[in-house]
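Here's the structure we're looking at; comments come further down.
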Amino acid sequence: MKSIIMAGGFGTRLRPLTNHLPKPMVPMANRPMMEHIIELLKKNSITDLTALLYFQPELISDYLGDGSSLGVDLDYITLTVDLGTAGAVGSAMRRIGGEYTTLIISGDVLTDIDLNKAVEFHRKRKAMATIVLTRVENPLAFGIVITDENGRIIRFLEKPGWGEVFSDTINTGIYILEQEVLDFIPQDKEFDFSKDLFPALLQNKKPIYGYIAEGYWKDVGSLEEYRQANMDILLGKVAVNAPGEEVGGKGVRVGKGSRIDFTSKLEGAIVIGENCRIGPDTRISNSVIGSGTVVEEGAVILDSVLWENIRVASGAFLQENVVGNSTEILEGAHLAENVIVSDHCRIGRNATVKANVKVWPQKTVEDDAILASSLIWGEKWSRSVFSTYGVTGLANIELTPEFAAKLGAAYGASLKKGSFVSTSRDAHKTSRMINRAVMTGILSTGVNVHDYGVTPMPVCRFLARGGSEFGGVHTRRSPFDPQLLDLKFFDNKGMDLHPGYEKTIEKLFFREDFERVPMEQTGEMVFPIHGFESYQDGFLSKIDSKAISTAGFKIVLDYSYGSSSRIFPAVLGALKCEVIALNANLDGTKTTKTAEEFQKAMDQLSSIVRSLNSDIGFYLDAGGEKVFIFDETGEVLDGDTALNVMALLTLKCNRDSGKKGTIAVPVTASRAIEKMASTYGFGVKRTKTTARGLMEAASEEGVIFVGEQTGGFIFPQFQPNFDGMYAIAKTLEMLAMQKAKLHKLLREIPPSIMVKDRVPCSFEHKGMIMRRLSEDSHGLDTMLLDGIKINFGEDWIAAYPSQDMPYFHLVAEASTEDAARALVTKYSEKIKDWQKP
């Protein structure tokens, strides 16, 4: 008697647990399913075994070896092509040779069926093939087999409807075959048992029988069945051996080297693997705990299956879950019913994973996050929907049409029914798809939409201030990563949403607390036709067109394939500028650039400015919000220099026109700003480094200019938002009024040296680092606005945490490079030392 174990399954229905693991190796009460099958075969005196492998064969063969540790003789046949179930078995039987009766069994089921009785039945009936059958309550998902009173099969029904359920006996996938069946199995051809072989035997009136077996059998065809099968082992419903020694006769089995605190509460049947540590005041009920797992103080685990090397931190709560290898469930995390967490995941502190959610391998759910839908391909699910750049995600993976529609509905639910918002996008086809999805969500809540299509973001922000719209959403391909999309939300002033309003939308999103309106109240979609004209009229009314026209500028302008090329050429034409335009065609595939591509574009623009003797050059970002400036020599102005020059021009022009006011710059901008402002009789306001912080400053009375070091400039007399197109025109206007050249203006900026760096810092340490910085600088001249800024006379250093990355930014300014670098080095070492255990 020989047995062939079919162990080639992918385990598709058990994903994400089987993403990197063949289904026969999935642990059942801390032993692979296939090991339980081998023990069943041995128990029935079947020890000559061959395993048919296909998917990740080495994981099976490396673990089981030659079978001697289990008391059997085990060899392997690895298939390289899919021959179907019968084709694979036929190939193996021919390779094994001899006149043997062969029992075929799947390596990925859980059963304690008496196989000897099935073999006895087979031999007594002198069958060529016997199918082992079992009775189930719901046979719809299985193949039904109908037999006569002697057990001879008379009919097959493969996965019938209820109207075809003539029997409750189903095929278990356990077969007993004689060598004669090979006459009906073609060689090297795909051939299936249920669809091909058995119907052929039936048609040829060969002796094919069905043996109705008693005992436990489960296909383990779903994640819920997998967890339930483990529970059945614990409850003694199936006769398999769970590893470990029984402790105290209470149904608790514990492996070698495990330590259990005496204050822990172990309830019901539990299997604990080797080298586990169960901490004080823990509660574990009817669960499987894999080897090397640590359950810390106060954690609760109910009706769950944990694989190996898992950490369940203090206060975590797990109920009816399955958790894969090497996963961390941090302090206070809550996993609701039927949550599946795969291998190498991290569930953050106080995070909540809602019922029926699946977290795929190597994913992170951040601290305090609420995960309400399955996290499949993206690397992490954040604690919040909104980040520094709006809503950002991997296109069509994290930021899917379904996600966008739900977010649009949450946004719409925050507004009054019947109100209007705008939508717009860049030229990329994926942006169009996601923009439409956002629109459908908004419309479903009874809010109307003005869709401006492919439009620069400054135009949409300007139009939002017209009074008819309550805000808007702009969809764009991220300028930093070609795989990411950004959704930029703004209010009725065109400003980025206030963080408090973002939280309101997030709450609606996570709670799914938004009402879909009846059909007749669905919002309307309108396509305004005069948006560009309104923006252009407002633009030109706030610019001294005559001064620019008289100066007769010759400029080089790179549109970087963005949507500004749809409107800005007409404005520049009205200003009578001679323009050498680069990349002025719309191309959504080229709006994102790598660092190398960006530098190449900058070098090209620099060369053209210089070779054509142009007055100035501009590189306008694809969204139309930021601008990079080149002087008449072709030199690009770095971010700090550009901000200083723009501030200087603003101060000069406003002084000459007799105006007073304040300029606003980030806390990290150069001290040269204060020196120049003092010279010209203006004030300086320091702001946070965030876009919203700068926009809020631009909305304050008396502020005449706001700028930052990455090409963002705001002139509030037009709009309190970043607008690269207006910044270009304003730069030309101010140069014309001053009759100045950029390169010569640089000499008027007070000299200083700035050094920047960033220091790695995990998210959980950021609060501690801020506290240590504050304590360390006690008694010094400090500013706590965005991070901490510490002044040492005129020299200073600022340290502030990245909003969405695990590091701190350091910016220092001094009269010499050595002094500035010394400050950065000093505080970099402090931050590193404070993080050491």
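The values are calculated or read from the model by the stated rules, or taken from the named source; none is laboratory data. What you see is a predicted model; the values in this text were computed from it and never measured. Every residue, glycine as well, gets a Cβ built from its backbone with ideal geometry; the counts of neighbours run over all protein chains shown. The protein model used for the area step is the full one, side chains on, heavy atoms only, and it has no ligands, DNA or RNA in it. Shrake-Rupley method; radii C 1.70, N 1.55, O 1.52, S 1.80 Å.
Worth pointing out:
- Theoretical FRET efficiency, 1/(1+(r/R0)^6), r = Cβ-Cβ of residue 275 and residue 746, R0 51 Å, to 0.05: 0.15
- Residue-by-residue Karplus 3J(HN,Hα) for the range 777-790, coefficients 6.51, -1.76, 1.60, Hz, glycine and proline x: 9, 4, x, 8, 7, 10, 10, 9, 10, 9, x, 9, 10, 10
- Over the chain: helical MRE at 222 nm, DSSP H runs n ≥ 4 each giving -39500 (n - 2.57), nearest 500: -8500 deg cm²/dmol
- In degrees, nearest ten, helix 724-738 long axis to first principal axis of the chain (Cα): 20
- Per-peptide average of other Cβ atoms within 10 Å, ordering 496-506, 219-229 highest first: 219-229, 496-506
- Between residue 515 and residue 784, the contour length at 0.36 nm per residue exceeds the Cα-Cα span by 92.7 nm.
- Cα-based convex hull, the range 386-426, per residue volume (Å³, whole number): 94
- A 1.4 Å probe, protein heavy atoms only, puts the accessible area of residue 775 near 100 Å².
- Amide H within-cut-off set for residue 370, under 5 Å, with H built and near neighbours excluded: 352
- Tail weight of P(r) past 21 Å, computed on alpha-carbon pairs of the range 527-628, percent: 38
- Accessible-area value, residue 543, 1.4 Å probe, nucleic acids and ligands omitted, Å²: 20
- For the chain, the longest principal axis of the Cα atoms and the long axis of helix 429-443 meet at an angle of about 90 degrees.
- Percent carbon-and-sulfur accessible area, the range 491-536, ignoring ligands, DNA and RNA, probe 1.4 Å: 53
- Taking all protein chains together, 781, 261, 343 sort by accessible area into 781, 261, 343, largest first [probe 1.4 Å].
- Surface listing: 428, 334, 809, 344 arranged by accessible area from highest to lowest gives 344, 334, 809, 428, probe 1.4 Å.
- Surface accessible to a 1.4 Å probe, residue 656 within the full protein complex, Å²: 90
- Taking all protein chains into account, the per residue accessible area for the chain stands at 42 Å² (1.4 Å probe).
- Cross-link pairs beyond the 23 Å C-alpha cut-off, checked among 554/675; 416/503; 554/756; 493/675; 23/358; 756/789: 554/675; 554/756; 493/675
- Long pairs among 406/429; 652/685; 43/206, criterion Cα-Cα beyond 29 Å: 43/206
- Accessible surface ranking that places the most exposed of 834, 307 first, with a 1.4 angstrom probe: 834, 307
- Cα-based Rg and Dmax for the range 543-699, where Dmax is the largest Cα-Cα distance (Å): 17.0, 47
- Convex hull projection area averaged over all views, the chain, Cα basis, nm²: 44.2
- Amide hydrogen neighbours beyond the local backbone of residue 807, cut-off 5 Å, H modeled: 761, 802
- A crude spin-label estimate for the pair residue 82 and residue 768, with each label 7 Å from Cα along the Cβ direction, gives 5.0 nm.
- Under 5 Å, built H, 5+ apart or other chain: amide partners of residue 687: 665, 667
- Calculated from backbone phi, Karplus (6.51, -1.76, 1.60) coupling profile of the range 449-460 in Hz, x at Gly/Pro: 10, 8, 9, 8, x, 6, 8, x, 4, x, 5, 5
- Each residue of the range 261-269 was assigned a 3J(HN,Hα) from its phi angle through the Karplus curve 6.51 cos²θ - 1.76 cosθ + 1.60 (θ = phi - 60°); the sequence is 5, 5, 8, 6, 10, 9, 10, x, 9 Hz, with glycine and proline shown as x.
- For the range 177-238, convex hull volume per residue from C-alpha positions, Å³: 138
- For the range 1-54, the fraction of 1.4 Å probe accessible surface lying on carbon and sulfur atoms is 48 percent.
- Apolar share of the accessible surface for the range 732-830: 51 percent from carbon plus sulfur atoms, 1.4 Å probe.
- Working note: Cα gyration tensor of the range 686-829, eigenvalues times five, square-rooted, sorted largest first, giving semi-axes of 32, 20, 13 Å.
- Under the Debye formula (equal points on every Cα, no solvent term), log10 I(q)/I(0) of the range 8-106 at q = 0.13, 0.16, 0.22 Å⁻¹: -0.46, -0.71, -1.32
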